[in-house]
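The values are calculated or read from the model by the stated rules, or taken from the named source; none is laboratory data. Bear in mind that the values here come from a model prediction, so they are computed numbers and not experimental data. Please note: Cβ atoms are built from the backbone with ideal geometry, for glycine as well, and neighbour counts cover all protein chains shown.
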Amino acid sequence: MKNSKNFPFEKARRVTSNEVSSARKAIEGRTGIKRKARGRPIKPSDDKFIPTSIRLHPKIIEWAKKEAKKRGCGYQTIINEILLEKAV
């Protein structure tokens, strides 16, 4: 289908997790290649982050985003690293 505007989304249904699982097993059976695990690895409980919301000055966010772009990571990671340095 060239254009998604023509697809009848109102008639479409969600694929169940059992269907996904059986499709993956079928692919593995055909190709003989074990598929890699997907998703993030599980963190230990002492390393899990607590979701929170804080207000920061726009200059701090701007600096963190620039620094993150240089390092190739997320700006929240930069802010977290700086706060950890000061806290420990």
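Being surrounded by 10 or more Cβ atoms within 10 Å (Cβ to Cβ) and more than 18 Å from the chain's Cα centre (by Cα): is that true of residue 54 here? Can you show your working first?
On the way: surrounded by 10 or more Cβ atoms within 10 Å (Cβ to Cβ): no; more than 18 Å from the chain's Cα centre (by Cα): yes.
No: the conditions fail for residue 54.
Among the residues of the stretch 22-54, write down those that are over 22 Å from residue 84 (Cα atoms), part of a helix (DSSP H, G or I) and among the charged types (D, E, K, R).
24, 25, 28, 30
Residue 8 - would you say it is of a type outside the set (Ser, Thr, Tyr), more than 23 Å from the chain's Cα centre (by Cα) and modelled with pLDDT under 90?
On the way: of a type outside the set (Ser, Thr, Tyr): yes; more than 23 Å from the chain's Cα centre (by Cα): yes; modelled with pLDDT under 90: yes.
For residue 8, the condition - of a type outside the set (Ser, Thr, Tyr), more than 23 Å from the chain's Cα centre (by Cα) and modelled with pLDDT under 90 - is met.
Name the residues in the stretch 1-21 that are polar (S, T, N, Q) and either surrounded by 10 or more Cβ atoms within 10 Å (Cβ to Cβ) or in a loop (DSSP other than H, G, I, E, B) (or both), would you? Outline the logic, then answer.
Of all residues in the stretch 1-21, those polar (S, T, N, Q) come to 3-4, 6, 16-18, 21.
3, 16, 21, listed by residue number.
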